[in-house]
Each structure stands twice: as structure tokens, then as C-alpha cells.
Amino acid sequence: MIALQLIGIGTGSPAHLTGEAIAALNAADLILVPRKENAPDLADLRETICAAVLTRPMPIAAFDMPVRTGEDYLQAVHAWHDAIADAWRTTIAAHLPGGGSVALLVWGDPSLYDSTLRIAARLPEMTVRVVPGITSIHALTAAHAIPLNPLAGAVTITTGRLLRSHGWPAGAETLVVMLDGGCAFETLDPADITIWWGAYLGMPQQALDHGPLGEAGPRIAAIRADLRTRHGWIMDVYLLRKAPQ
């Protein structure tokens, strides 16, 4: 039997790991590390985190992350998840043929805009344990020293794709936008909206900006483009808040 531990590791700093996460990593028999062709730094960062918190030698198995292809978004994602599950199964079987505990380091928290749990559900022969982690939302609000929600107000969490296709959700006052492959905030009327943005949160190359969307938006778009060019990849998140009417 394989016990699969999905461990939230925060957004790139070894200091983000909780005591529970560190204990789970040190109790594992194998650590799985995905490698992306266009972002090898992410695998290196995972291995750096492991080196910082492991207290004993630990086998680390890297696997090539499948690439998502296809025109239909949902069909492509389902096929991609199937391929990732197959990669997990093959890599684990090669390194732990007799069973054991496997740890997979997950950015942020496995429950929030991450598909690791959905992929794990494709492996019913394995038991699954989740160790919670600091999300990029927590890292963003901490970096800017702001509250997530307005006083007695609600927060809507969405994606760049949904913001671009559907606009500002009706009745929402505060939005957190994740998984934005571009700058979906550019599609909004910037009047009375403030943005707090962060990229590479918790990492040495962390970048922050904030201000009225009409002023900060173009600046953020330019910074973001430059960072992507320099690093070859980017992970960012932002909070948008409308002024009370």
C-alpha cells in the first residue's frame, strides 16, 4: 500500500513550512518532484526546501511533468490530469515497489486552486493525507500588511480566465485573482478599484506593487512582462478592492 502525503509548502520560502509539514517530509520514504521543461527553477526550489528541512538522507524522485494540450479547456485538463496520475504511479512503482509513504510538495495549500487532490483521486489504490500550507493569498496580504476582507465584508476568489470572460462578479467588493496567465485586470474599468499585486511571494525575487488600478495596472503589467522574460516563468496573485459606494 502506498500512503500519499500532499504537503502544502507555501509560496517558496522554507520558513513557510509548518511543523506538521516538516514532520511529514521527514517521515516519508520517498519525495516526488515534478520537473517542468519551461520552469526548471521550480523543481530546484523544491529540492532546496527539502535540503533546508530534512534531518536525514531521503530519496527524491523527479518526473517530467506532462504538458497540457487540446482546444477544449475542460477536456484538455482532464486528459492532463490522467497523464499526471500515470506519471505519479509509474515513478512511485519504480522507487517503492514494496509500498511505503510518498510525499509530494504542493505550492500553497492543496485545497485552493490546485489540482493535486483531483489527480490523487485517480489513484484509488493509494491512501491520501493532506498537510495544509500557507496560500499565496496569505503571503500576499502579509507582504502588503493588509486585511483580506473589508470590515464585515465578503471575499470572492476567482481566476484570471473567469475575470476576463465574465468581468467583475455582481455584488463583489473584494476579489482575489489567481492563475492569471496575463493581466486580466486590464479588462476592467479601473475607476474606484485598488490593486495589491505580488509575484514570487516568499522567494528572493519577490516583487510587490499596489495602488489605484488606473495608475498601478500599467506599471504592474510592465513589471510582470519583464520578470517573465528574465526568469522564464512567473507565479503571481493580486487582490482588487472597490471603494465603498
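The values are calculated or read from the model by the stated rules, or taken from the named source; none is laboratory data. All values derive from a computational prediction rather than experimental measurement. With ideal geometry, Cβ positions are generated from the backbone for all residues, glycine too; neighbour counts draw on all protein chains shown. Surface areas here come from the heavy atoms of the whole protein model, side chains and all, with no ligands, DNA or RNA. Shrake-Rupley method; radii C 1.70, N 1.55, O 1.52, S 1.80 Å.
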statement: Of the conditions (1) open to solvent by less than 80 Å² (accessible area, probe 1.4 Å); (2) over 17 Å from Ala24 (Cα atoms), the single one that His78 does not satisfy is (1)
query: In the range 1-99, which helices (runs of 4 or more DSSP H) lie fully inside it and hold 3 or more residues that are over 24 Å from Thr135 (Cα atoms)?
result: 73-95
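Which residue, of Gly133, Gly160, is over 22 Å from Phe63 (Cβ atoms), open to solvent by less than 20 Å² (accessible area, probe 1.4 Å), in contact (Cβ under 8 Å) with a residue 12 or more places away in the chain and touching a helix residue (DSSP H, G or I) at 6+ places or on another chain (Cβ under 7 Å)?
Of the residues listed, the single one that is over 22 Å from Phe63 (Cβ atoms), open to solvent by less than 20 Å² (accessible area, probe 1.4 Å), in contact (Cβ under 8 Å) with a residue 12 or more places away in the chain and touching a helix residue (DSSP H, G or I) at 6+ places or on another chain (Cβ under 7 Å) is Gly160.
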- prompt: Out of (1) under 20 Å from the mean Cα position of the chain (by Cα); (2) aliphatic (A, V, I, L, M); (3) assigned to a loop (DSSP other than H, G, I, E, B), what's the single condition that is false for Leu239?
  reply: (3)
- line: Restricting the range 215-240 to residues that are open to solvent by 40 Å² or more (accessible area, probe 1.4 Å) and touching a strand residue (DSSP E or B) at 6+ places or on another chain (Cβ under 8 Å), the one farthest from Ala191 (Cα to Cα) turns out to be Met235
message: Can you tell me which condition Ala15 does not meet? The list is (1) touching a Lys or Arg at 6+ places or on another chain (Cβ under 6 Å); (2) open to solvent by 60 Å² or more (accessible area, probe 1.4 Å); (3) of a type in the set (Gly, Ala, Ser), and all the others hold.
response: (1)
field: Whichever residue in the range 108-119 is small (Gly, Ala, Ser) and either surrounded by fewer than 22 Cβ atoms within 10 Å (Cβ to Cβ) or touching a Lys or Arg at 6+ places or on another chain (Cβ under 6 Å) (or both) and, among such residues, is nearest to Ser13 (Cα to Cα)
entry: Ser111
query: Which residues, counting only those in the range 152-161, are out of contact with any strand residue (DSSP E or B) (no Cβ under 9 Å at 6 or more places or on another chain) and among the aliphatic types (A, V, I, L, M)?
result: Ala152
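I need a count of the residues in the range 52-83 that are among the acidic types (Asp, Glu) and at pLDDT 95 or above.
In the first step, residues of the range 52-83 are kept if they are among the acidic types (Asp, Glu); the result is 64, 71-72, 82.
After this cut, where a residue has to be at pLDDT 95 or above as well, the list is 82.
Qualifying residue count for the region: 1.
Within the range 120-130, can you find the residues that are open to solvent by 40 Å² or more (accessible area, probe 1.4 Å) and of a type outside the set (Asp, Glu)? Lay out the reasoning, then the answer.
Step one: filter the range 120-130 for residues open to solvent by 40 Å² or more (accessible area, probe 1.4 Å), giving 121-122, 124-125, 127-130.
Selection gives Ala121, Arg122, Pro124, Thr127, Val128, Arg129, Val130.
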task: Name the residue, out of Asp189, Asp180, that is in contact with a Phe, Trp or Tyr (Cβ under 9 Å, 6 or more places away or on another chain), closer than 21 Å to Val106 by Cβ and among the charged types (D, E, K, R).
output: Asp180
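Take Asp86 and decide whether it is at pLDDT 95 or above, open to solvent by 60 Å² or more (accessible area, probe 1.4 Å) and over 12 Å from Asn26 (Cα atoms). Outline the logic, then answer.
Numbers: at pLDDT 95 or above: yes; open to solvent by 60 Å² or more (accessible area, probe 1.4 Å): yes; over 12 Å from Asn26 (Cα atoms): yes.
So Asp86 fits the description; yes.
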query: How about the range 163-205: which of its residues are over 20 Å from Tyr113 (Cβ atoms) and open to solvent by 70 Å² or more (accessible area, probe 1.4 Å)?
result: Ala170, Gly171, Glu186, Asp189, Asp192, Pro204
query: Out of the range 29-48, which residues are out of contact with any Gly (no Cβ under 8 Å at 6 or more places or on another chain), over 16 Å from Arg89 (Cα atoms) and open to solvent by less than 30 Å² (accessible area, probe 1.4 Å)?
result: Leu42, Ala43, Arg46
